[in-house]
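Worksheet for the structure shown next.
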Amino acid sequence: MTPYAFDTARIVAHRVEAEHIHTFTMRFTDPARRRAYRFAAGQFNMLYAYGVGEVPISIVSDPDKPALLEHTIRAAGRVTTVMARWKVGDLAGVRGPYGRGWPMEASRGRDVVVVTGGLGCAPAVGVIEYIFRRRDDYGALHILHGVKTPHDLLYRERFDAWRQHPRTKVYLAADRPDANWRYRVGVVTDLFDEVTADPSAIVMMCGPEAMMRYAVRALRAKGISEENVYLSMERHMQCAIGLCGHCQFGPHFVCKDGPVFQYAAVKRLFGLDSL
């Protein structure tokens, strides 16, 4: 079978997260594929809009319930704009899963710090929900998210729900707040002085690379080892199998060596010297 072959999935639910942001729940039409499909938190699928094209989209649903797949899509280009118009009952193409996910096994019994910026929250939604469904397996959970303006804050209902979980803290910051903003004013790294995670905590981070560079420096200053910091990279992935070269990241390919990387393995690609 060609590596570019995809399976057909039907849209069974649609939720509008914010303007131009949609979460679709889909299920493979082939029962055998539905039973065989497995993925890890942090992996992605290539989603195909018939007659238009395909794009890489993070899987945000629970790996223990692979029969129903959730993907959050931002309508920002030719393909995703068409996908945003999908309705319940429509068909999509799916191939995957691809890439390397978050270090969930290595994080068991330890505090977890999730740091996201801007629209980079989607790859982290799956890991947060994963921990909540297995809450006794992990230590304290700190969720830090920064946006430019309150209008950019996605998943408002999710953030409110996450605050209600035991041993969980949510920290939000906006660089340009409005009169109704109730949280921190500034960038996401300004929130670090509020976090009291154990130095052995595992950090999972996603967002603009500039934000992640500053965040790593701030975390190192707090005593977090670079071996405990993981980044989900966003590069232009087209083939998802390391052939086209569009997502090359130094000697790595984000689509097959990532999208999650241990910071210690890629720090020189961020232009940072050893601290």
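Overview of results
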read-out: Accessible surface of segment 162-253, 1.4 Å probe, proportion on carbon and sulfur as whole %; value: 50
read-out: Per residue value of the accessible surface for the chain (all protein chains in place, 1.4 Å probe), Å²; value: 45
read-out: Between 0 and 90°, nearest 10: helix 122-133 axis offset from the chain longest Cα axis; value: 80
read-out: Largest-first ordering by accessible area, 1.4 Å probe, given options 50, 130; value: 50, 130
read-out: Potential lengthening between residue 264 and residue 14 on full extension [0.36 nm per residue; Cα-Cα distance subtracted]; value: 86.2 nm
read-out: Solvent exposure, largest accessible area first (probe 1.4 Å, DNA, RNA and ligands not counted), of 165, 151, 22; value: 151, 165, 22
read-out: Where only C-alpha atoms are counted, convex hull volume of segment 1-79 per residue in Å³; value: 106
read-out: Rg [Å, one decimal], Dmax [Å, integer] - segment 151-246, C-alpha atoms; value: 16.0, 49
read-out: In degrees, nearest ten, helix 209-221 long axis to first principal axis of the chain (Cα); value: 40
read-out: Proximal lysines to residue 222, defined as alpha-carbon separation beneath 19 angstrom and excluding residues fewer than eight positions away on the same chain; value: 169, 267
read-out: Accessible carbon and sulfur surface of segment 74-149 relative to its total accessible area, %, 1.4 Å; value: 50
read-out: Accessible-area value, residue 236, 1.4 Å probe, nucleic acids and ligands omitted, Å²; value: 110
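The values are calculated or read from the model by the stated rules, or taken from the named source; none is laboratory data. Everything quoted here is computed from the prediction, not taken from an experiment. What goes into the accessible areas is simple: the full protein's heavy atoms, side chains included, and nothing from ligands, DNA or RNA. Shrake-Rupley method; radii C 1.70, N 1.55, O 1.52, S 1.80 Å.
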